Structure formats: C-alpha cells, structure tokens
Amino acid sequence: MNQQFIDRLHPAIRPATTRAIQAASAALTGRSQPIITFGLRTFEEQQAIYDQGRTKPGQIVTNAKPGQSYHNYGLAIDVALLIDGKTISWDTSKDWDGDKQSDWMEVVAIFKKEGFAWGGDWRTFKDMPHFEMTFGHNWRELLALHEAGKFIAGTIYVAI
C-alpha cells in the first residue's frame, strides 16, 4: 500500500519516506503499522477538497487552495496507523505495542529524524497525519516554479 504513494512523491523525498516507513514498521512491534494514506495531490484534487464544506457538501478539511499545499508538489504525505491489518486509526495516544510510548509519537519521532516537518507541531491548524519536506521553499516559491514550468526534465515535479 505504501509503495504506490512513495512512487508518486517528488524524487527528493522518496528515499527518506521509504526509510521512515521501514523504520516505523520495525519499531511498532504490536498491532499497529504505519501506512501512507495520501501523497501527491494534483491541483484539481486540491481544489475538490478545498471546495468541501464551502461550495460542496461536507466539512472543511483544508485551508489550502491549489498550489498552497506541499502535497501539490509531491513533498508531503499523510500517515495513519493500520490496526490489526483492518482498521485505520489516527489515535495519537494509544500504545498498541505496550512499550509505554504512543505508537503515533514513535512514528512522529522517526519521521522527524529523517528530516520531515510534522503538521502536529504547527501553531494554528494542527494537522496530525501530515509530514512534509520543504527544502527551504515556501509554497509561494514552489507555485512560482510550477507556473514558470521549472520541472525536473521529463517529470511533473518542480526542480528544487
């Protein structure tokens, strides 16, 4: 399940994502395993979730318009825990492997060690499942690269 998401990420974060998922999988020795629930999101997909709760039914799930999310550049992933191979969980406090540390926070520590920023550390809008690598670029800079057609040759990924 994870590889399909990793293969669509920006090439610059694929190795770190793979290492983090593998390390987190090894660290969680109980009933939970980390899985990627989202990676690259097109501008069209971003518009559709931005519209949710605004011009379309549902709750608001993002404040990011197309081009304003690191997902739009393949530089972000969302993670969840798969419990007993069946149930998706975003429980940040449960310790399924009994090592006296929240499984979620074990995953967070591993991703941070690989250089990811965690949405749970944001001051205003906390996005607990979200991990990103910005390489020092804000979304405005990435959008400018995108609009200028500055891509890695033969790909959809901005050259950073």
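The values are calculated or read from the model by the stated rules, or taken from the named source; none is laboratory data. Treat the numbers as computed from the prediction; the structure is a model and nothing was measured. With ideal geometry, Cβ positions are generated from the backbone for all residues, glycine too; neighbour counts draw on all protein chains shown.
Using the structure shown, decide if Asn72 is closer than 23 Å to Val158 by Cβ and modelled with pLDDT under 95. Answer is no for this residue.
Here Thr17 qualifies as at pLDDT 95 or above, under 12 Å from the mean Cα position of the chain (by Cα), assigned to a helix (DSSP H, G or I) and not aliphatic (A, V, I, L, M). State whether one or more residues within the range 38-55 are closer than 20 Å to Phe151 by Cβ, in contact with an Asp or Glu (Cβ under 9 Å, 6 or more places away or on another chain), touching a residue at least 24 places away in the same chain (Cβ under 8 Å) and part of a helix (DSSP H, G or I). The answer is no, given that none of the residues of the range 38-55 is closer than 20 Å to Phe151 by Cβ, in contact with an Asp or Glu (Cβ under 9 Å, 6 or more places away or on another chain), touching a residue at least 24 places away in the same chain (Cβ under 8 Å) and part of a helix (DSSP H, G or I). Number of residues in the range 104-118 that are assigned to a helix (DSSP H, G or I) and out of contact with any Pro (no Cβ under 7 Å at 6 or more places or on another chain): the value is 9. Within the range 62-103, can you find the residues that are in contact with a strand residue (DSSP E or B) (Cβ under 6 Å, 6 or more places away or on another chain) and in a loop (DSSP other than H, G, I, E, B)? Listed by number, the residues that qualify are Leu75, Trp90, Trp96. What residue, among those in the range 1-14 that are in contact with a Gly (Cβ under 8 Å, 6 or more places away or on another chain) and in a loop (DSSP other than H, G, I, E, B), is nearest to Val108 (Cα to Cα)? Top of the filtered list is Ile13.
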